[in-house]
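Colleague: Take a look at this one; I'll ask things after.
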Amino acid sequence: MRAFPILGAAFSIPMKINLKIKRFNPETDKKPHWETYTVEVEPTDRVLDALHEIKWNQDGTLALRRSCAHGVCGSDAMRINGRNMLACKVLIQNIAKDGDTVTVEPILGLPVIKDLIVDMEPFFAHYRAVMPYLVNNDPLPENGRERLQSPADRERYDDTTKCILCAACTTSCPSFWARGEYVGPAAIVQAHRFIFDSRDQAAQQRLEILSAQDGVWRCRTVFNCTEACPRGIQVTKAIGEVKEALRTGIIQ
Amino acid sequence: MLTPLITTARESLRYRGSGHVLWLLHRVTGLGVVIFLGTHIFGMSMATFNPPLHEAMLAVYKTPLFSLGEIVLAACLIFHAVNGTRIAILELRPALWDKQEVATRWSVIITLILLAPTIAIMAFKSISYYATHGLR
Ligand code: HEM
Ligand code: HEM
Ligand code: SF4
Ligand code: FES
């Protein structure tokens, strides 16, 4: 079947997996606890489908956040088998075989509101802290239309435009677990997107923010963020480039 | 607040990923060597301030358990130095980010290559020492 993925999908054999989920209800629980559910899934189902199966047919009290279900909105970052992923982007056949147990828990370092839902506010506060918007105080071009940029200039920061603010990177980072004040990979990715934009004029201000105590220098080059990013953003590289700009004083 | 510290310690052991495992080893070996260095400087300074204590500490080093400990120390130092070089290179050359996975593997391979003869020499010396001096 492996050689014929399309055939494989058409004839895919349903399998049984156990989902071991970390549950927490703030109204009744002092501490989180694990609960295991057995679900029948197609190998090509995603972890989100298995969670839906539980929530819709087995236990309606399970709380999780998701919106688009297609890797676009960034709502359903969670920790699956020990590492951060989007539940809607990971296929069960890629992480489990028939009879296996898959662990699902909330992302780390943000307060758990209920079950798999965390409070994203501290994460968004870091996002807002790096001025994630274009700053250009020059008068608009003569024709009153857009500020032009060469394809090469646009390409320079293309990678970091792809971020969907899911927090998979920031909450995979040991420095962030240890110190929630650390601005975190996602905010640095967002800063990178504007620092290296030739039309922007606030790079120095952002670099100043990021050279503070809880800025880029808390990064230990662990690469968890790069491994976690569901958009394939080269997160550690972006952080490294911001460090380089700070070290050399050159933005290129 | 202790909560972040406890979370970090516990979840550092539970998180998965190749980069993460090497980071954890780097921190554990770094801290291990720092602790040894503290004891070591204390022990050496006792040669001046309290020679009998210094002698007693040296005698403790000449036991099989501590001979094994010396090998572990050497392993920590070699791994930390090799892996630290990897981290420094990747940190200074962000464009090499896509070599990270390969680099972690090479960190382990180079450590093992350097470690094998080190262990052989240290074990050989310890064994011949205990063979001539006996165990105490
Ligand atoms: C088990 C292996 C080791 C042995 C047998 C050993 C032995 C010694 C001795 C005999 C001295 C005194 C030298 C003198 O004063 O003339 C010394 C000093 C020193 N060693 Fe080591 N050493 C070992 C491992 C290490 C390691 C792994 C480090 C570094 C992490 C280290 C760092 C130092 C330093 C910084 C000093 C100078 C400080 C002082 O004199 O108190 N040693 N060592
Ligand atoms: C050739 C020798 C060494 C090299 C190349 C080296 C390299 C490094 C590098 C690059 C880091 C930063 C890691 C990061 O940013 O994640 C680091 C951290 C560290 N090193 Fe070393 N180091 C060496 C020797 C030592 C020695 C002898 C000690 C102990 C006395 C030590 C203790 C530490 C500690 C405690 C850390 C912090 C670990 C952490 O934050 O996770 N290192 N080392
Ligand atoms: S950089 Fe990637 S992992 Fe981090 S928030 Fe953006 S999309 Fe999510
Ligand atoms: S639900 Fe929108 S990204 Fe997964």
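The values are calculated or read from the model by the stated rules, or taken from the named source; none is laboratory data. Worth saying up front: this structure is predicted, and the values here are computed from it rather than measured. Because the Cβ atoms are built from the backbone with ideal geometry, glycine has one as well, and the counts that use them run over all protein chains shown. Just so you know, the surface numbers come from the protein's heavy atoms only, side chains and all, with ligands and any DNA or RNA stripped out. Shrake-Rupley method; radii C 1.70, N 1.55, O 1.52, S 1.80 Å.
Colleague: Kindly identify the protein assembly as shown as rounded, prolate or oblate by the Cα gyration tensor criterion: order the square roots of the eigenvalues as a ≥ b ≥ c, call it rounded if a/c is under 1.5, otherwise compare a/b with b/c, prolate if a/b is larger, else oblate.
Modeller: It comes out oblate by the Cα gyration axes.
Colleague: Would you please name the GluC sites (Glu not before Pro) within region A:25-97 that are DSSP coil residues with at most 12 other C-beta atoms within 10 Å of their C-beta?
Modeller: When the GluC sites (Glu not before Pro) of region A:25-97 are filtered for loop state and at most 12 Cβ neighbours within 10 Å, A:Glu27 remain.
Colleague: Once amide H atoms are placed 1.01 Å from N in the peptide plane, what residues at a sequence separation of 5 or more from A:Ile107, or on another chain, have their amide H within under 5 Å of its amide H?
Modeller: A:Arg79
Colleague: Where in region A:107-196 are there chymotrypsin sites (Phe, Trp or Tyr not before Pro) that are in a DSSP coil and have at most 16 other Cβ atoms within 10 angstrom of their Cβ?
Modeller: Filter output for region A:107-196: A:Tyr133.
Colleague: Scan region A:148-252 for GluC sites (Glu not before Pro) in coil per DSSP, keeping those whose Cβ has at most 15 other Cβ atoms within 10 Å, and list them by number.
Modeller: Answer in residue order: A:Glu181.
Colleague: Counting only protein heavy atoms, what percent of the accessible surface of the protein assembly as shown is carbon or sulfur at a 1.4 Å probe?
Modeller: Looking at the protein assembly as shown in its full context, I get 63 percent from C and S.
Colleague: Quick one: which of A:Lys89/B:Lys99; A:Lys16/A:Lys114; A:Lys20/B:Lys99; A:Lys55/A:Lys89; A:Lys89/A:Lys243; A:Lys20/A:Lys243 span more than 29 angstrom between C-alpha atoms?
Modeller: Table pairs above 29 Å Cα-Cα are A:Lys20/B:Lys99; A:Lys89/A:Lys243; A:Lys20/A:Lys243.
Colleague: Let me ask something else about it. As an exercise, find the ratio Rg/Rh for region A:5-118 from alpha-carbon atoms, using the Kirkwood inverse-distance average for Rh.
Modeller: 0.97
Colleague: Continuing with the same structure: Tell me, which residues of region A:57-85 get at least 30 Å² less accessible area when the other protein chains come in, versus the chain alone (1.4 Å probe)?
Modeller: A:Arg79, A:Gly82, A:Arg83
Colleague: Also, quick follow-up: Does any residue of region A:200-230 lose at least 10 Å² of accessible area with all protein chains in place compared with its chain alone, and if so which ones (probe 1.4 Å)?
Modeller: Buried by 10 Å² or more upon assembly, which counts only protein chains, are A:Arg220, A:Thr221, A:Val222, A:Phe223, A:Asn224, A:Thr226, A:Glu227.
Colleague: Cα axis of helix A:235-248 to longest principal axis of chain A: angle in degrees, 0 to 90, nearest 10?
Modeller: 20 degrees
Colleague: Starting at 0 and stepping by 5 Å, how many percent of the alpha carbon pairs of region A:104-217 end up in each bin?
Modeller: Using 5 Å bins, I get a P(r) of 2, 11, 19, 20, 17, 12, 8, 6, 3, 2, 0 for region A:104-217.
Colleague: Once phi is turned into θ = phi - 60°, what whole-Hz ³J(HN,Hα) does the Karplus curve with 6.51, -1.76 and 1.60 give for every residue of region A:29-34, x standing for Gly and Pro?
Modeller: Per-residue couplings from phi come out as 9, 8, 10, x, 9, 8 Hz.
Colleague: In Å², and per residue, what accessible area does the protein assembly as shown have when probed at 1.4 Å with the other protein chains present?
Modeller: On a per-residue basis, the protein assembly as shown sits at 54 Å².
Colleague: Ok, one more. According to the square roots a ≥ b ≥ c of the eigenvalues of the Cα gyration tensor, what is the shape class of region A:50-96, taking rounded for a/c under 1.5, prolate for a/b larger than b/c otherwise, and oblate for the remainder?
Modeller: Here region A:50-96 falls in the oblate category.
Colleague: Evaluate peptide B:16-27: per residue, the Cβ atoms of other protein chains within 10 Å of its Cβ; return the mean as an integer.
Modeller: That average works out to 5.
Colleague: Take the alpha carbon atoms of region A:196-238, find their center, do the same for region B:105-131, and report the distance between the two centers in whole angstrom.
Modeller: When both Cα centres are located, 40 Å separates them.
Colleague: Okay, next question. Roughly how big is region B:2-113's charge dipole about its Cα centre, with Cβ charges of +1 (Lys, Arg) and -1 (Asp, Glu), in debye to the nearest 20?
Modeller: Result for region B:2-113 is approximately 280 debye, rounded to the nearest 20.
Colleague: Of A:Tyr157, A:Thr61, A:Thr221, which is farthest towards the positive pole of chain A's charge dipole, taken about the Cα centre with +1 and -1 on the beta-carbons of Lys, Arg and Asp, Glu respectively?
Modeller: Looking along the dipole axis, the top candidate is A:Thr221.
Colleague: Hey, another quick one. Go through region A:112-128 residue by residue and turn each phi into a ³J(HN,Hα) via Karplus (6.51, -1.76, 1.60, θ = phi - 60°); whole Hz please, and just put x for glycine and proline.
Modeller: 7, 7, 7, 6, 9, 9, 10, 7, 7, 4, x, 5, 5, 4, 5, 4, 5
Colleague: Now a separate question. In the protein assembly as shown, which cysteines lack any other cysteine Cβ under 4.7 Å from their own?
Modeller: A:Cys88, A:Cys163, A:Cys166, A:Cys173, A:Cys219, A:Cys229, B:Cys76 - these cysteines have no disulfide-compatible partner (Cβ-Cβ under 4.7 Å) in the protein assembly as shown.
Colleague: Let me ask something else. Name the residues whose placed amide hydrogens come within less than 5 Å of the amide hydrogen of A:Ser75, ignoring near sequence neighbours (fewer than 5 apart) on the same chain.
Modeller: A:Ser67, A:Cys68
Colleague: Shifting gears a bit: Which whole-number percentage describes the relative contact order of region B:17-133, with Cα contacts under 8 Å and a sequence gap of 6 or more?
Modeller: Once divided by the residue count of region B:17-133, the mean separation gives 32 percent.
Colleague: For a bin width of 5 Å, list the pair-distance distribution of region B:17-133 built from all Cα-Cα distances, rounded to whole %.
Modeller: 2, 10, 16, 17, 16, 14, 10, 7, 5, 3, 1, 0
Colleague: Counting helices only, and only those DSSP H runs with n ≥ 4, report the 222 nm mean residue ellipticity of chain A as the sum of -39,500 (n - 2.57) divided by its residues, in deg cm²/dmol to the nearest 500.
Modeller: So the helix-based figure for chain A works out to -7500 deg cm²/dmol.
Colleague: About the Cα centre, and with charges only on the beta carbon of Lys, Arg (+1) and Asp, Glu (-1), how big is the dipole of the protein assembly as shown? Nearest 20 debye, please.
Modeller: Magnitude of the dipole: close to 780 debye.
Colleague: In sequence order, what are the phi-derived ³J(HN,Hα) couplings for region A:92-103 according to the Karplus relation 6.51 cos²θ - 1.76 cosθ + 1.60 with θ = phi - 60°, rounded to whole Hz, with x for glycine and proline?
Modeller: Once rounded to whole Hz, the list reads 4, 5, 7, 10, 8, 10, 3, x, 5, 10, 10, 8.
Colleague: Further question: Using modelled backbone amide H atoms (1.01 Å from N, in-plane), which distant-in-sequence or interchain residues come within less than 5 Å of A:Lys114's amide H?
Modeller: It is none; the list stays empty.
Colleague: Determine the total buried accessible area between chain A and chain B, counting protein heavy atoms only with a 1.4 Å probe; round to the nearest 100 Å².
Modeller: 2200 Å²
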